[in-house]
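Chemist: The following block contains the structure, expressed as structure tokens.
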Amino acid sequence: MKRGYRYRIYPNKEQCSLLEQHFGGTRFIYNRSLFIKNLMYSKFKINISEIDLNNNLTSLKELHPWMKDLNSQSLQQANRNLLTGFKNFFEGNGAYPTRKSKKDNIFSFQVPQNYQINLTSSKIYLPKIGWIKIVFHRDFLDKEFIENKLVTKEVNGELILDQKLNRKLDILKTLTVSRTSAGRYHVSILIDDHIPEPIPVEFNENTTVGIDVGIKSFAILSSGEVIENPKFLKKSLMKLKKLQKAVSRKQKGSKNRKKAIAKLAKQHQLISNQRNDFQHKISMKIISENQAIGIENLNVKGMVKNHNLAQAISDVGWSEFIRKLTYKAEWYGKTILQIGRFEVSSKLCNFCGYKKDDLTLDIREWKCPSCKTLHDRDINASLNIKQIALNNLSTAGTAGRAC
């Protein structure tokens, strides 16, 4: 099973400069290869392969000597990422690849091989950059696994895990270096422990929970539990406005403006970290307590077009929460039962099945005209989601149909 482990690193000034060169260099190669690929196909109907793009790197290094200071494998990985983007596009799994820009605030490059991890002094070695301090806030592999499965070496009494020595085992995969808009550097280590995914555990109506996500409340479970929406963005709006005004008052290009931008970016980073931490805790709690989870397939991209609710929907982070639920369910052998976005959940009475077509968004409680049951809108929706998910499963006959 493959898992990624993300850790923060603390490079010095010289290493920061080298990291920025790698960010710019891989972006340059990506854009250059995209231009060549588009030009050759539009003019001559020639499909450029990865080998052709990598062979072009030699001539580019002669034209741009600064590229010789960069890790060649990271540059080749940029070409591989471009071709993966084209493959995803033609398979219908993504948009057509476009140019990368500094303004996108997406800074990353990959190191496929030859990195080392000092397990004693908590440092990581990146080719062409050197040893960088890293904080291991959690273990990416058990100590017993490292001792029994991996090859380590001892240098000056320090235990070092070398990816090159473990290449045949194919456990230490690609390492990704990234920088946030707030100027924080991270590395993400992809590990494949070759342990198969657990067999999905059996579930029934009692061990299944339906989840209705909302804005007023973050999530409402069919068990009756209501998880309140922390509204991290809304609580920080006044501070964000103040910091944004400070940026606007500073002269463009000045050092004070750069300082103000950095403060604003740190506040946005704080909000993102708060939301991410909250969603991790809630998703882990739900996965631990239930064997199957019923959720809706929401069209979040279409919903944010409503300008009255766009900020609140973006703040709650439905898509990311569902993504966390999905991959954690795979880790622990749980089942995700997803229902269609056009299934009726809020307007349907979970007792008698009466459909209330005139139910508007502002009505939070309603009484069923047929069975006279008083419904809380959100709890009723979560119960319907659970029932519809289980009905779809029994109709299809297999768990794979519902996942």
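Read-outs: derived from the displayed coordinates by stated rules, not from any lab. All values derive from a computational prediction rather than experimental measurement. Methodologically, a virtual Cβ is constructed for each residue, glycine included, from the backbone with ideal geometry; neighbour enumeration extends over all protein chains shown.
Chemist: Short version: ³J(HN,Hα) in whole Hz for each residue of the stretch 148-156, in order, from phi by Karplus 6.51 cos²θ - 1.76 cosθ + 1.60 (θ = phi - 60°), x for Gly and Pro, what are they?
Modeler: Working through the residues one at a time gives 9, 9, 10, 9, 10, 10, 10, 10, 6 Hz.
Chemist: Applying 1/(1 + (r/R0)^6) with R0 = 56 Å to the Cβ-Cβ distance of Leu165 and Asn297, what FRET efficiency is obtained, to the nearest 0.05?
Modeler: 0.80
Chemist: Taking every pair of Cα atoms in the chain, average 1/r, invert it to obtain the Kirkwood radius, and report Rg/Rh to two decimals.
Modeler: 1.02
Chemist: Please list, in chain and number order, the residues 5+ apart from Lys123 or on another chain whose amide H is under 5 Å from its amide H, with Hs placed from the backbone.
Modeler: Asn118, Ile134
Chemist: Moving on. Any chance you could give the angle, 0 to 90 degrees and rounded to 10, that helix 377-396 forms with the longest Cα principal axis of the chain?
Modeler: 80
Chemist: Trypsin sites (Lys or Arg not before Pro), restricted to the stretch 340-380: which are DSSP loop and have at most 13 other Cβ atoms within 10 Å?
Modeler: Passing both the DSSP loop test and the Cβ count: Arg341, Arg364, Lys372.
Chemist: Rounded to the nearest 500, what is the chain's calculated 222 nm mean residue ellipticity when only DSSP H runs of at least 4 contribute -39500 (n - 2.57) each, over all residues?
Modeler: Calculated mean residue ellipticity at 222 nm is -14000 deg cm²/dmol.
Chemist: Right, here's the next one. Roughly what angle does helix 318-331 make with the longest principal axis of the chain, taking Cα atoms, 0 to 90 degrees, to the nearest 10?
Modeler: That helix lies at roughly 80 degrees to the long axis.
Chemist: Quick one: what are the phi-derived ³J(HN,Hα) couplings along the stretch 278-289, Karplus 6.51/-1.76/1.60 with θ = phi - 60°, whole Hz, x for glycine and proline?
Modeler: 4, 5, 4, 5, 5, 5, 5, 5, 5, 5, 5, 8
Chemist: What length, rounded to one decimal in nm, is gained on full extension from Glu20 through to Ile199, with 0.36 nm per residue of separation minus their alpha-carbon distance?
Modeler: This chain segment gains 60.1 nm when fully extended.
Chemist: Here is a follow-up. Quick check on the stretch 208-402: take the gyration tensor over C-alpha atoms, sort the square-rooted eigenvalues as a ≥ b ≥ c, and tell me if it's rounded (a/c under 1.5), prolate or oblate.
Modeler: prolate
Chemist: Rounded to whole Å, give me the distance from the Cα center of the stretch 68-137 to that of the stretch 210-268.
Modeler: 29
Chemist: Just flag the trypsin sites (Lys or Arg not before Pro) in the stretch 75-172 sitting in loop per DSSP whose Cβ has no more than 13 other Cβ atoms within 10 Å.
Modeler: Arg99, Arg138, Lys164, Arg167, Lys168
Chemist: In what sequence do Ser49, Ser42 fall when counting other Cβ within 10 Å, fewest first?
Modeler: Ser42, Ser49
Chemist: Can you run phi through the Karplus equation (6.51, -1.76, 1.60; θ = phi - 60°) for the stretch 92-104 and list ³J(HN,Hα) in whole Hz, with x for Gly and Pro?
Modeler: Each residue's phi maps through the Karplus curve to give x, 10, x, 7, 5, x, 10, 5, 8, 10, 4, 5, 6 Hz.
Chemist: In whole Å, how far is the Cα centre of the stretch 166-202 from that of the stretch 36-59?
Modeler: About 31 Å separates the Cα centre of the stretch 166-202 from the one of the stretch 36-59.
Chemist: If you don't mind, there's one more thing I want to ask. If you take the beta carbon distance between Ser108 and Trp66 as r and set R0 to 25 Å, what does 1/(1 + (r/R0)^6) give as a FRET efficiency, to the nearest 0.05?
Modeler: 0.85
Chemist: Under the 0.36 nm per residue contour assumption, what length would be gained going from the current alpha-carbon distance of Ile51 and Ser288 to full extension?
Modeler: The span from Ile51 to Ser288 would gain 80.7 nm if fully extended.
Chemist: Counting alpha carbon pairs within less than 8 Å and at least 6 residues apart, what relative contact order, in whole percent, applies to the chain?
Modeler: 15
Chemist: Here's a follow-up. Note the angle between two axes, namely the Cα long axis of helix 50-63 and the longest principal axis of the Cα atoms of the chain, as a number of degrees from 0 to 90, rounded to the nearest 10.
Modeler: The helix 50-63 is inclined about 50 degrees to the chain.
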